[in-house]
1. Can you go through Glu345, Glu292, Glu357 and tell me which one is over 25 Å from the mean Cα position of the chain (by Cα) and within 25 Å of Asp10 (Cα to Cα)?
2. List the number of the failed condition for Glu153; all other conditions in (1) in a strand (DSSP E or B); (2) closer than 23 Å to Gln315 by Cα; (3) more than 14 Å from the chain's Cα centre (by Cα) hold.
3. Do we have Glu350 as loosely packed, with under 15 Cβ neighbours inside 10 Å, at negative phi and touching a residue at least 40 places away in the same chain (Cβ under 8 Å) here?
4. crowded, with 19+ Cβ neighbours inside 10 Å and either at negative phi or within 14 Å of the ligand (Cβ to nearest atom) (or both): does that describe Gly216?
5. Since Ser243 meets every condition but one in (1) surrounded by fewer than 17 Cβ atoms within 10 Å (Cβ to Cβ); (2) hydroxyl-bearing (Ser, Thr, Tyr); (3) over 30 Å from Thr23 (Cβ atoms); (4) touching a Ser or Thr at 6+ places or on another chain (Cβ under 9 Å), which condition does it not meet?
6. Please go through segment 91-102 and pick out each residue that is part of a loop (DSSP other than H, G, I, E, B) and surrounded by 16 or more Cβ atoms within 10 Å (Cβ to Cβ).
7. Just need a number here: residues in segment 58-90 that are within 14 Å of the ligand (Cβ to nearest atom) and part of a helix (DSSP H, G or I).
8. Which one of these does Ser146 not meet: (1) out of contact with any Leu (no Cβ under 8 Å at 6 or more places or on another chain); (2) closer than 18 Å to Val88 by Cβ; (3) of a type in the set (Ser, Thr, Tyr); (4) not in a loop (DSSP other than H, G, I, E, B)?
Amino acid sequence: MIPQMIPYFDELETKVIMEYMHTGGFLTEFIKTRQFESTIQEFTKSRHAIVVNNGTVSLIMMLMALGVGPGDEVIVPNYTMIATANSVIAVGANPVFVDVEPQTLCIELEGLRSKITKNTKAIYFVSANGRYPTYGIENLEDLCKSYDLFLLEDAAQSLGSYFPDGRHIGTRGIMGSLSFSVPKIITTGQGGCILTNDDLLAERLRRLKDFGRSEGGNDIHDSIGYNFKFTDLQACIGIAQMSKLQWRIHRKKEIWGTYWKNLKTLSTFQLFNHNVEFTAPWFIDAIAQDRENLETYLKGKGIATRRMYPPINAQKAYRRPGQFPVSENIGKSGIWLPSYVQISESEISEVCEKIHEFYKK
Ligand SMILES: *Cc1c(COP(=O)(O)O)cnc(C)c1O
C-alpha cells in the first residue's frame, strides 16, 4: 500500500527523547521550548516565534490578541482547512467567504475588495500549499492598509516556503500562524506557532497562553489568559525535525518534480504548478476529471489519495449562499496524491503509471 501521508522520523527523535527523559526535565514547556522557538525564529527571520498547542489555537489567539470579537467580520478564503473559518467563530466574530484564484488557490483580490464592510476587522491570507498569489502580496498589504484592516496569515502549510522577494511566508501579516500537526512540513504530533515582528503583540500572546500571568511562575494576573502552552517533550521532537528541515524541503520539491515530469502531458489530470525556487509543495495537489472513479481505481491498485477541502460555504456547519466557482470546482475534482517525504522515486513512478493507465481506458 502506498499511503497518502505518513509522518517521518528516525533514530534522532528517539535519541533526543531518551536523553531528555534521562536528564529529568519538567516535561511542560521550558528550556527546550525556548530553543525550538529560537530555531523557528531564525529560520523564518521573524522577530518572535511563540509556540502553542496547535495551529487552530494559534489562529484563535491571533484574533484574541487583536480583540476581534462579536460584531466584527473577518474575511476568509472559501478554500482552506476548516480551522481558519472556525477560529473566527471561536472568538464570536463572523467569517465572510471569498473565492480563490484558480492557479494558486490563494484568496482572490477583487472579490475580497467587494466584501469589505464597516465591520471588517481582518483578512486571512492562507498560503495554500506554500503558494503565493499571482497579484503579489504587496497588493493585498496595500489594500489592508487603505481600509485599515489587519492582515493575518494562516501559513500552516508553508514552513520552508517564501514570497518571491525572499521573505518567509507567514511573516508579512501582522501575525502569521504555523501548524506542526502530523501531515505538515514538520510535526510535533500537535503544535502551532505564531510569528510576529510586533513586540507588544508578542508580549500579549505570551500572557494569553499562560493564564494572563505577568511573569512565568507567579500567580499575578493583569489580564485574562488561558492555558495554550506547549511541552518540552514535543519541543525535543520539534528541534530534531527542524535540524532535518532543509532535507525535508528538498524532498518536497523533488517529489513534486518527479510527479510533474510524469504527469504534465495529461489534460485530464492537472497538477498545480509551483515555482519550487520559492515553494516547498506540502501536498501534491491536482484537479482530476472523473475523480471518484480514479480514486477507486487507484485504491484497487494499493494507492491512497485524499480529497482536497470542499468549499467552506457549502459545509453543513456553515451553509452560506453564494457563488464560488473555483473552490466549488476543487470540491468536485481536487485530489491529493501520496506526498510523504520518504516516498521513493519508484513509488511515485508507479502512482503516475496507474494514473496514465486509468485515463487511457
Ligand atoms: C493544518 C491546518 C490548520 C490547523 O492546524 P492544526 O495544527 O491541525 O490545528 C489550519 N489551517 C490550515 C491552512 C491548515 O492546513
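1. Going through Glu345, Glu292, Glu357 in turn, the sole match is Glu345.
2. Evaluating Glu153 over (1) in a strand (DSSP E or B); (2) closer than 23 Å to Gln315 by Cα; (3) more than 14 Å from the chain's Cα centre (by Cα) leaves (3) as the failure.
3. When the stated conditions are applied, Glu350 does not pass them.
4. No, not satisfied.
5. (3)
6. Listed by number, the residues that qualify are Val91, Ala93, Asp99, Glu101.
7. Here the count works out to 15.
8. Looking at each condition in turn, Ser146 falls short on (2).
We did not get these values from a lab; they are worked out from the coordinates using the rules stated. In this text, all values refer to a predicted model and were calculated from it rather than measured experimentally. Cβ coordinates were reconstructed from backbone atoms using ideal geometry, including for glycine residues, and neighbour counts include every protein chain displayed.
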